[in-house]
Amino acid sequence: MLRFKNIFEPIIACLLVLGVAGCQNNTQKGAVVGGAGGAALGAVIGKQTGHTGEGAVVGALAGGALGGLIGNSEDEAQKKHETEARQAAYARAAYQQQRAITNSQVVYMAQHGVSDQIICHEIRTQGGRFDTRPEAIVQLQQSGVSNTVIEMMQNYGGY
């Protein structure tokens, strides 16, 4: 005759593997793992009192609830981390936009004798918000901006 313990362990192991494989998040994984662990522990404790089945059910419910709570806590921490990372990226982008050079600043530098090399370096390091439509390019050339600088503007922030 097969004893319950010999059947119970492989069933729990299979349910655990199948359950975790289908989980989408830590809450679900925690509930599955906690439920399986709770069922196993509950069955062992229940066997001591002659109530193996009831112990397994109570253990599964308690373990599933606790595992779900722990997994949910991990999911919330992960969401918080993702939100903070996204906010930091937005802040960096806003800062870069704030520092970005504009057409009028390029014209100002060109008209005040700043070399193309220096202007191009500023564009590379600061980035730009440049209007590089055809009529803007003509206006830049008429204002004394060289083709070298205009090409740099097109490559670093032209729209």
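The values are calculated or read from the model by the stated rules, or taken from the named source; none is laboratory data. It should be emphasised that the depicted structure is a prediction, and the values quoted were computed from it without experimental measurement. Backbone-built Cβ (ideal geometry, glycine too); neighbour counts: all protein chains shown.
What the table shows:
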| item | result |
| --- | --- |
| Residue list for the range 43-66, filter: under 20 Å from residue 23 (Cβ atoms) and surrounded by fewer than 16 Cβ atoms within 10 Å (Cβ to Cβ) | 61, 65 |
| Sole residue being touching a Lys or Arg at 6+ places or on another chain (Cβ under 9 Å) and surrounded by 14 or more Cβ atoms within 10 Å (Cβ to Cβ), chosen from 152, 109 | 152 |
| Selected residue (only one of 145, 149 is β-branched (Val, Ile, Thr), at pLDDT 95 or above and part of a loop (DSSP other than H, G, I, E, B)) | 145 |
| Of the criteria (1) surrounded by 11 or more Cβ atoms within 10 Å (Cβ to Cβ); (2) under 30 Å from residue 30 (Cβ atoms); (3) not hydrophobic (A, V, I, L, M, F, W, C), which one residue 132 fails | (2) |
